[in-house]
Amino acid sequence: MRFADIIGQEDLKRHLTRSVDAGRVSHAQLFTGASGYGSLALAVAYVQYLCCRHRHDGDSCGECPDCRQIEALAHPDLHLVFPVNKQGKKSGEAMLSDEFLPQFRELFAERRGYFSSQEWYDRLDLGKTLKGMISAREADEIIRKLSFKSFEADYKTMLVWLPETMNEEASNKILKILEEPWERTLFILVSERPDRLLPTILSRTQEVAVPRIAPEVLEAEARRRGVSDPVQARNMARLSGGDLLELEHLVAGENDALRKEYFDLFCALMRLSYNDKHLELIGWAEEVAQLSREQQQGFLRNAARLLRESFMLHAGIPQIGYLWGEELGFCSKFAPFVGTQNIESLIAEIERTGAQIAQNGNPTIVFTHFALTVSKMIKHL
């Protein structure tokens, strides 16, 4: 994985290469950002650049043995840890990443490093509710592997994808090695939810914040993927929110049915809210609770988008909005209910609900509280 393979993120790529060239390599780094921003792909490209003996022009060569092995996630000095699980796991049975490494390499190669945790869990066939985790036994393996000398590269690298899935025992076990690692040992943590990491882990790592991909980069990517209408390409880039995975769904039309379902749920929530239909809101919450957790998160993201667009209509700046059809029609009528008095509170409630769902909160309870809270905020302003 070369930096040239990363979509966008030019400023960050230059920063990473300059830090390596100047010899400023922090022993514990935390790459933060959504999978669709390229956080995992960037982390692998960074490790490849660091280990390449023939790097030039701000990138690894891509041809030497180190580059080829790292691109295949098969370098003896690159160790990988990621959340794992399986259906029918016995009580007390510890799952280790090495057991699932072939599937992880396969998915990484297919998706060029751009895939979500849900795509990984689908590859493991975990179903709707089962999720992966990084166990305390895995933390013991991390310490054991890093105690060995490096085989070929100057650095031994431990790349941990989604460290927020570690339980507290596992997190505590790696604290000491994070603070005082062996010489020429590099920790790369790649996290979508750094807020769920222990503060002691955050304090021991140097953050590398991976931003959203620039809209103009995604617009060009949409055109490259066959979207010939420039207006449609621009709208897709805006709707994707800087996330390549979301852009892929929009281009493929995969989310059309789900998007309509999310929109219908949003309309129902807002109509019930401003009519104070509290009993019906409980029924609405039970309906949302039947969705998968990934779909529940998708609904919340879409609701936040529609609220922001409604706020812009209320503020009299529709020219910077990206609504059309049914969405524009509903939000134009709904805009008087979203203003400076409640937009921040509404978005904060959506973010709080998303965090509770991510932490495996009971969806019926979570969305009942969410619906009743939202209903108090929706008033004609």
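The values are calculated or read from the model by the stated rules, or taken from the named source; none is laboratory data. Remember, predicted model here, so these are calculated numbers, not experimental data. Methodologically, a virtual Cβ is constructed for each residue, glycine included, from the backbone with ideal geometry; neighbour enumeration extends over all protein chains shown.
So here's what we get for this one:
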quantity	calculated
Total residues in the stretch 343-365, condition in a helix (DSSP H, G or I) and touching a residue at least 60 places away in the same chain (Cβ under 8 Å)	5
Given (1) more than 29 Å from Tyr121 (Cβ to Cβ); (2) free of Cβ contacts under 8 Å to residues at least 12 places away in the same chain, index of the condition Gln290 fails	(1)
Residue in the stretch 307-318 that is small (Gly, Ala, Ser), closer than 13 Å to Leu239 by Cα and either at pLDDT 85 or above or within 26 Å of the chain's Cα centre (by Cα) (or both) present	no
In the stretch 81-111, the residues that are closer than 15 Å to Val190 by Cβ and either among the polar types (S, T, N, Q) or not in a helix (DSSP H, G or I) (or both)	Val81, Phe82, Pro83, Ser97
Filtered residues of the stretch 76-93 (kept if surrounded by 13 or more Cβ atoms within 10 Å (Cβ to Cβ) and either farther than 21 Å from Phe115 by Cβ or not aliphatic (A, V, I, L, M) (or both))	Asp77, His79, Phe82, Pro83, Asn85, Lys86
Identity of the residue in the stretch 128-151, small (Gly, Ala, Ser) and assigned to a helix (DSSP H, G or I), that ends up surrounded by the fewest Cβ atoms within 10 Å (Cβ to Cβ)	Ala136
Count of residues meeting criterion [under 28 Å from His249 (Cα atoms) and in a helix (DSSP H, G or I)] in the stretch 34-51	11
Helices (runs of 4 or more DSSP H) enclosed by the stretch 221-317 - at least 3 residues per element that are more than 27 Å from Gly361 (Cβ to Cβ) and not polar (S, T, N, Q)	230-239, 244-252, 293-314
Restricting the stretch 224-258 to residues that are basic (Lys, Arg) and in contact with a helix residue (DSSP H, G or I) (Cβ under 7 Å, 6 or more places away or on another chain), the residue that is modelled with the highest pLDDT	Arg225
Residues of the stretch 330-351 that turn out to be at pLDDT 90 or above, of a type outside the set (A, V, I, L, M) and surrounded by 15 or more Cβ atoms within 10 Å (Cβ to Cβ), as a count	1
Residue in the stretch 176-192 that is of a type in the set (Val, Ile, Thr), farther than 22 Å from Gln48 by Cβ, buried (at least 16 other Cβ atoms within 10 Å of the Cβ) and under 21 Å from the mean Cα position of the chain (by Cα) present	no
Filter result for Phe31 (at pLDDT 95 or above, assigned to a helix (DSSP H, G or I) and under 20 Å from the mean Cα position of the chain (by Cα))	no
Filter result for Ile201 (aliphatic (A, V, I, L, M) and touching a Phe, Trp or Tyr at 6+ places or on another chain (Cβ under 9 Å))	no
Boolean, Thr205 is hydroxyl-bearing (Ser, Thr, Tyr), within 13 Å of Thr32 (Cα to Cα) and in the same structural domain as Arg14 (by TED's automatic domain parsing)	yes
Cβ pairs under 9 Å, 6+ apart, first in the stretch 204-220 and in a loop (DSSP other than H, G, I, E, B), second of a type in the set (Asp, Glu)	Arg204/Glu179; Pro211/Asp11; Arg212/Asp243; Ile213/Glu221; Ile213/Asp243; Ala214/Glu10
Residues located in the stretch 122-139, provided they are closer than 27 Å to Leu175 by Cβ and either out of contact with any helix residue (DSSP H, G or I) (no Cβ under 7 Å at 6 or more places or on another chain) or not charged (D, E, K, R) (or both)	Gly132, Met133, Ile134, Ser135, Ala136, Arg137, Ala139
Unique match (being on the phi > 0 side of the Ramachandran plot and either within 16 Å of the chain's Cα centre (by Cα) or not in a helix (DSSP H, G or I) (or both)) among Asp125, Asp195, Asp154	Asp125
Where a residue in the stretch 293-313 is closer than 12 Å to Leu265 by Cα and its partner, wherever it lies, is buried (at least 19 other Cβ atoms within 10 Å of the Cβ) and among the charged types (D, E, K, R), with Cβ under 6 Å and at least six apart	none
Verdict on Tyr274 being closer than 29 Å to Thr368 by Cβ and surrounded by 18 or more Cβ atoms within 10 Å (Cβ to Cβ)	no
